Amino acid sequence: MMNDAVIEVEELRRAYAGGFTAVDGISFSVGRGELFALLGTNGAGKTSTVELLEGLARPSGGTVRVLGHDPYTERKSVRPRMGVMLQEGGFPSDLTVAETVRMCAGCTTGARPTQEALALVGLTQRSGVRVKQLSGGEKRRLDLALALLGRPEVLFLDEPTTGLDAEGRRDTWELVRELRDGGTTVLLTTHYLEEAETLADRLAIMHQGRIDVTGTPAEVTASRPARIRFVLPEDVPAGRLPLSLRAGADGRAVEIRTRRLQRDLSELLRWAEESGVELEALDARSASLEEAFLDIAARGTETAGIAGTVGTVGTAGTVDAR
C-alpha cells in the first residue's frame with residue numbers, strides 16, 4: 001500500500017443472501033490527490049465495492065479504510081470529509097435548484113455558499129428552476145454540486161457524466177481535474193472508457209468480482225498487442241505475405257496482432273512496395289483501453305475471442321506476431 005493512501009482495501013469481500021459473491025477478495029489503494037478509476041461490465045462488482053468504500057454496507061470479509069477509518073463502523077469520522085455522487089440522485093421535484101442546494105447545505109458541515117456550488121457545475125442560470133423541469137444532464141450536474149458542497153477530501157463519482165452532452169462532459173472533466181490538482185482524492189466509476197483514459201492516474205478493471213488488471217492507462221494498454229489491418233487485392237492471396245506476418249487463413253481482409261508495431265509495419269510496407277501491392281484500408285494502431293476492457297469482459301463467455309482469433313470469418317485471417 002502507498003504510504004499516503006487515502007483509500008486502502010485488503011482482501012475485500014461482499015456476499016449476498018443466497019450465496020452470491022459480488023466482491024471476491026480484491027485489494028488496491030488510492031493515494032492522496034490521485035484519481036483512480038474502477039471499471040468493469042455490469043455485474044462486475046463495481047457498485048458493490050463503492051458502497052463498501054462509502055460505508056453504506058458492512059464487508060463480508062477483508063478490510064477497507066478511508067482516511068484511516070472504517071467507513072462503516074466509524075462513519076461519523078469519515079462522512080463529513082467525503083463527497084458522494086450516486087448513479088441516480090433523488091430530489092424533491094417541486095423545489096428549485098437553489099432550494100435543493102440550500103436544503104442539503106443545512107445538513108453539511110462547512111458547506112459552500114449556494115451560488116458557489118452552482119457556479120462550479122454551470123447551473124447559476126438555472127437556480128430558480130424547479131428540479132422537475134431540469135434535463136437529465138442538468139440533474140447530473142446538480143448531483144455533482146451536492147457532492148462538492150462540503151469541500152470533500154475524498155470524492156466518489158459513480159457514472160458522473162451519464163446524460164451529459166459533449167460540452168457538459170468536457171466541462172465536468174475539467175472540474176474533476178481541478179479538484180484532483182487541488183489535492184482531492186477521487187474514485188471514479190464510468191462506462192465511458194475515454195473518460196477513464198483521459199482522467200485517471202491509475203485504474204483497475206473488475207471482472208466477476210475480482211480485479212483482473214490494475215495500473216496506469218498506459219500500462220494497461222501496453223499489456224495488449226497492437227494491430228495492423230488491411231485488405232489485399234483480389235489477385236494477391238495472404239500466403240504471399242512475409243512468413244512472420246502471414247495470416248492463419250487465406251483471404252483479402254487481414255488483421256495482424258503484434259507487440260512490435262513499428263518493426264512489423266515497416267516490414268509490411270517494405271514488402272508491399274517491393275511487390276507492387278496496394279494495401280487497401282490500411283490501419284495500424286496501438287492497443288486501446290477499450291480493447292483491453294473488451295478482452296477482459298469476453299473471458300468466460302461463449303463469445304470469448306475478441307482478441308487473438310484466427311480465421312473467424314471466411315475472408316479474414318488474424319495472426320499474433322509476438
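The values are calculated or read from the model by the stated rules, or taken from the named source; none is laboratory data. If you're wondering where the values come from, they're calculated on a predicted model, not measured in any experiment. Virtual Cβ from ideal backbone geometry, glycine too; neighbours counted across all protein chains shown. When the accessible area is computed, the model is the full protein with side chains, heavy atoms only, and any ligands, DNA or RNA have been set aside. Shrake-Rupley method; radii C 1.70, N 1.55, O 1.52, S 1.80 Å.
Skipping prolines and chain starts, which residues have an amide H placed within reach, meaning under 5 Å, of the one on Gly25, given they are 5 or more residues away or on another chain?
So Gly25 has HN proximity to Leu12, Arg13, Arg14.
Keeping all protein chains in the complex and leaving out DNA, RNA and ligands, what accessible area do you get for Arg151 with a 1.4 Å probe, in Å² to the nearest 10?
Here the residue's solvent-accessible area equals roughly 120 Å².
Kindly write out, for the range 14-29 in residue order, the coupling ³J(HN,Hα) from the Karplus curve 6.51 cos²θ - 1.76 cosθ + 1.60 (θ = phi - 60°), rounded to whole Hz, with x marking Gly and Pro.
9, 10, 10, 4, x, x, 6, 9, 8, 10, 10, x, 9, 9, 6, 9
So what is Rg over Rh here for the range 169-266, counting just Cα atoms and using Kirkwood for Rh?
Taking Rh as the inverse mean 1/r over Cα pairs, Rg/Rh reads 1.17.
Whose amide H sits under 5 Å from the amide H of Gly31, counting only residues 5 or more places off or on another chain, with H placed in the peptide plane?
The answer is Val6.
Can you give me the long-range amide H partners of Val129? Hydrogens built in the peptide plane at 1.01 Å from N, cutoff under 5 Å, separation of 5 or more residues or another chain.
Val97, Ala98
Pull out the extension gain between Leu269 and Ser244, defined as 0.36 nm times the separation in residues minus the alpha carbon to alpha carbon distance; nm, one decimal.
7.7 nm
Can you compute 3J(HN,Hα) from phi for each residue in the range 30-39, using the Karplus curve 6.51 cos²θ - 1.76 cosθ + 1.60 with θ = phi - 60°, rounded to whole Hz and x for Gly and Pro?
10, x, 4, x, 9, 10, 10, 9, 10, 10
Going by average Cβ neighbours within 10 Å, how do the peptides 237-244, 158-165 rank, with the highest at the top?
Order by mean packing, descending: 158-165, 237-244.
What does the helix-only formula give at 222 nm for the chain: each DSSP H stretch with n ≥ 4 adding -39500 (n - 2.57), the total divided by the residues, and the result rounded to the nearest 500 deg cm²/dmol?
The per-residue figure over the chain is -8500 deg cm²/dmol.
Leaving out ligands and nucleic acids, note down the accessible area per residue over the range 136-178 with a 1.4 angstrom probe, in whole Å².
Averaged over the residues of the range 136-178, the accessible area is 37 Å².
If R0 is 30 Å, what FRET efficiency do you get for Arg299 and Glu11 from their C-beta distance, rounded to 0.05?
After rounding to 0.05, the efficiency reads 0.85.
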